[in-house]
Every structure is written in C-alpha cells, then in structure tokens.
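These notes are about the structure you will find just below.
Only the coordinates and a few stated rules stand behind these numbers; no lab work does. Please read all numbers here as calculations on a predicted model, not as lab measurements. Quick reminder, even Gly has a Cβ in these numbers, built from the backbone with ideal geometry, and neighbours come from all protein chains shown.
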Amino acid sequence: MPRSCIDHIVITAPSLAEGAAYVEHVLGVAPQPGGEHPRMGTHNLLLKLGDDVYLEVIAINPKALPPDRPRWFQLDSVAGQPARLATWVARTDNIYDACAASPLPLGHIEVMTRGQLQWMISIPAEGGLVMQGIAPALIQWETDKHPASGLPDSGCSLVHMEAFHSDAQAGRDLLEKIGFEGQLDVLRADSGTPAHLVAHIQTPSGLRQLSGVTAP
C-alpha cells in the first residue's frame, strides 16, 4: 500500500504580488522567491512551514509563453479573483500505486521541473481541482533533499488542516486509499458552504488561519 503525507499547501493568485500580499497580511511573514515552471507557464513564491513542508504561492507567469494545455491548479480561471488557499499536495512514496489506488481519478502523472528540481506530479487533463481542491495532487520528488530544507526559517509551522466538503466521506475514503498519514481532518461542509480548506499555521505573531473561502 502506498504512503503519503502533506508536502505543501497551494495559494493561487492572479499575480505573485497579490498572493504575497495575502500571505503577509494573514501570517505576518513574506514568502521567498521560488522559480518558474516552463511547461505550465507559471511561477511561484515559497514559505517554509517545517523541515519537509512548505507554502506555495503560484500564479501565471506573464513573461512565459502560454502552455499548449490548461495550466495546473485551475490557474486559467483565477483572473479577477482574490488569492486563496486553493488546494494541497500530498507527497507519496509511490505515485503510480497511489494514483491507481485512488477511488477518484487524480490525473496524469507528469514530470515537472523548476530550476534544478525535478518531480512527478498528478495533473488533471483539464487543469482542474479534484473535489474542488479537497483531494490533493500527488507528488514524488526526484531529488535527494526536500525543497523545504533549502528555504530560510520563516518562524512558521503548519499545525493542522481541515478540509470541508459536502461529501466528506468520499474525501476520507480517498485519503485512506492513498495511505495518507498526517494532521488533516475531512469534515462535512455546512449546507450552502462551498468546499474549502483551512490551514492552521503557527507564526511569530501567534496562530493564524489561511482559508479557501474568500471574503465577499
């Protein structure tokens, strides 16, 4: 059976500047420069949340050529929307077995790069978010060290996550099948409340929350 755990959480934004401003407003800490994803026409900022976990702010790179396919993390649809905690990525020890075990299709397994980093990740063909972002993308790093190990200490740490969905049991079943172990609870969303994530993060200023629900 595959095993998986939280690798990173994903903030989508119309631009990196807007994503960085959102993170700094909520957490009081600014994310650091990341890099570019040539195949997807995106770029990112990063914030260390532990020895092997981090926060990623990701946006369309206006200087990159458009990809010949939909961008990942539903980024083709974020124009005009505020930055938010859109989804998360689970690290697995066998991405092929984990994708096969998932009761919901998580997408094609593709090789991606950012600078010297290389990894395999599951990406739906249409670039969408499985279970509106409650189900994770799966990742398997092909590097000796986890990327978080090279990030400066932010004074922040991921304490716990909650995933809210109208079909919470389907989310729990998926996590069980991919062998998930970690601090994440899948809960039933209240009637009329969209599926969303909440990340509880300890910061130098105390406990803060990043949410997938944007303010009206």
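Estimated at 0.36 nm per residue, the fully extended path between D68 and D97 surpasses their Cα-Cα distance by 7.7 nm. Selection among T203, Q183, G50 by position relative to the dipole of the chain gives T203 as farthest towards the positive end (Cβ unit charges, Cα centre). For the range 4-211, the share of DSSP beta bridges that are antiparallel, to the nearest 5, is 75%. The protection proxy used here, the mean number of other Cβ atoms lying within 10 Å of each residue, ranks peptides 1-9, 27-35 as follows, highest first: 1-9, 27-35. The alpha-carbon atoms of the chain define a convex hull whose volume equals 114 cubic angstrom per residue.
Take every DSSP beta bridge whose two residues both sit in the range 1-112; close to 80 percent of them are antiparallel. A Förster radius of 22 Å combined with the Cβ-Cβ distance from E126 to Q81 puts the calculated FRET efficiency at roughly 0.80. Its relative contact order, with pairs defined as Cα atoms under 8 Å and 6+ residues apart, puts the chain at 24 percent.
What is the list of residues in the range 76-97 whose amide nitrogen lies under 16 Å from a point 7 angstrom out from the Cα of A21, following Cα to Cβ? Answer for this model: 79-84.
Taking 30 Å as the straight-line reach from the Cα of K63, the lysines in range (excluding those fewer than 8 positions away in the same chain) are K48, K145. The range 26-62 and the range 96-113 have Cα centres lying 22 Å from one another.
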